[in-house]
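Novice: Before I ask anything, here is the structure I am working with.
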Amino acid sequence: MEKIDIKTFDSILPLKNSPLIHCITNDITIETVANSILYIGGKPIMSGDSREFRSLFQTTDALFLNMGRMSETHEKNLKLASQLAYQTKKPTVVDMVGYGITQQRLDLGNEIISTHPAIIKGNSSEMRRIVGLPTSARGIDRSEQDNQDNTVFELIHALKMVAKQQPETVFVATGPIDIVVKGNQCVKLNNGVSLLDRFVGTGDIVGALMATLLGAGYDAWTSSLFSLSYLNIAGEQAFSKAKGHGIENFRQTFLNELSVLSSHKDWVNDIRPVSSLSPLSE
């Protein structure tokens, strides 16, 4: 597969159509997720009622699944939707929130992975669990120890091994350095600011952006790289404008930047791919 020229990203937005994105996500960030889809020109439908799923699958363009706030009903809905997506070849993004921290999340995540979604994403600690590497992370947050040069290199190697078995899926591990793997291909990105980790929802937002681009017809590789870059650079812009005014002010400024960043065509010049990791490289 050819590498994507990130300098072409400035032509993606505004979208040429308005894809309808079915989101089955957690109720903590549901409004933010819906708005983020609207910001870039998509149309969200936030249905967690399984009675609607078969009808919705006839009209929606992509599916976003989020394992966030678990319940028995949410688990059943995610399983059903992932199976329907597999049967109908619906482009799907799954956010593996808390994968492996309980047996329920482990089993659910494995069942969803078996349906071969277009994009599987999680933070670096969640993705380490997926590929069978140890992590000291607790709860749904990543461990800083999982973002050292040697552990990042270790994760990339393991993701490539898993990706060979599931070559149609893009695997995304988020952290200070974001990792995107498909087959034997890997891109590392180094954008963003630490304040993006200080409020809930940024991981949910990037998953929603990915699903929106999938629904608009972009491939999973482009959708992943674009969404990570767009969100993190919006965070950088917000930080420069809201620095020193508190996290809530930063959060609001960040959401504003999500809605306007694409109007600044030179934003792509701020994308920072990483060519190597310290003395370690692939």
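Novice: Take the residues in region 173-196 that are without any contact (Cβ under 8 Å) to a residue 40 or more places away in the chain and of a type outside the set (Gly, Ala, Ser); name whichever of them is farthest from ILE156 (Cα to Cα). Steps first, please.
Specialist: To start, the set of residues in region 173-196 that are without any contact (Cβ under 8 Å) to a residue 40 or more places away in the chain comprises 176, 181, 184, 194.
Those still in the list that are of a type outside the set (Gly, Ala, Ser) too: 176, 181, 184.
Values: PRO176: 14, VAL181: 8, ASN184: 10 Å.
The extreme case among them is PRO176.
Novice: Let me ask something additional. For region 2-20, give me each residue that is in contact with a Leu (Cβ under 9 Å, 6 or more places away or on another chain), modelled with pLDDT under 95 and over 16 Å from SER224 (Cβ atoms).
Specialist: Residues satisfying the conditions do not exist here.
Novice: Let me ask you something else. Before we move on, is SER136 out of contact with any Gly (no Cβ under 8 Å at 6 or more places or on another chain), at pLDDT below 95 and assigned to a loop (DSSP other than H, G, I, E, B)?
Specialist: Answer is yes for this residue.
Novice: Return the residues of region 216-262 that are outside any helix (DSSP H, G or I) and hydrophobic (A, V, I, L, M, F, W, C); say none if nothing qualifies.
Specialist: Scanning region 216-262 gives a single hit, ALA216.
Novice: Failed condition for SER227, given (1) under 20 Å from ALA173 (Cα atoms); (2) in contact (Cβ under 8 Å) with a residue 40 or more places away in the chain, with all others met?
Specialist: That leaves (2) as the condition not met.
Novice: Inside region 186-211, can you point out the residues that are surrounded by 23 or more Cβ atoms within 10 Å (Cβ to Cβ), more than 11 Å from the chain's Cα centre (by Cα) and not in a loop (DSSP other than H, G, I, E, B)?
Specialist: Result: LEU196, single match.
Novice: Somewhere in region 234-242, is a residue out of contact with any Leu (no Cβ under 7 Å at 6 or more places or on another chain), buried (at least 23 other Cβ atoms within 10 Å of the Cβ) and hydroxyl-bearing (Ser, Thr, Tyr)?
Specialist: Scanning region 234-242, I find no residue that is out of contact with any Leu (no Cβ under 7 Å at 6 or more places or on another chain), buried (at least 23 other Cβ atoms within 10 Å of the Cβ) and hydroxyl-bearing (Ser, Thr, Tyr), so the answer is no.
Novice: So, in region 231-262, exactly how many residues are free of Cβ contacts under 8 Å to residues at least 60 places away in the same chain and closer than 24 Å to LEU15 by Cα?
Specialist: Of the residues in region 231-262, 15 are free of Cβ contacts under 8 Å to residues at least 60 places away in the same chain and closer than 24 Å to LEU15 by Cα.
Novice: For a quick check of your reading of the model, give me the residue pairs whose first member lies in region 80-101 and is on the phi > 0 side of the Ramachandran plot and small (Gly, Ala, Ser), whose second is modelled with pLDDT under 95 and buried (at least 24 other Cβ atoms within 10 Å of the Cβ), with beta-carbon atoms closer than 8 Å and at least 6 apart or on different chains.
Specialist: Listed pairs, sorted by first residue: GLY98/MET67; GLY98/GLU126; GLY100/GLU126.
Novice: Collect the residues in region 92-108 that are within 19 Å of GLY203 (Cβ to Cβ) and not charged (D, E, K, R), keeping them in residue-number order.
Specialist: Within region 92-108, THR92, VAL93, VAL94, MET96, VAL97, GLY98, TYR99, GLY100, ILE101, THR102, LEU106, LEU108 meet the criteria.
Novice: Is at least one residue of region 38-49 farther than 25 Å from GLU257 by Cα, touching a Leu at 6+ places or on another chain (Cβ under 9 Å) and among the hydrophobic types (A, V, I, L, M, F, W, C)?
Specialist: The answer is no; no qualifying residue exists.
The values are calculated or read from the model by the stated rules, or taken from the named source; none is laboratory data. Please read these numbers as outputs of a predicted model, since none were measured by experiment. Reconstructed Cβ throughout: ideal geometry from the backbone, glycine too, with neighbour counts over all protein chains shown.
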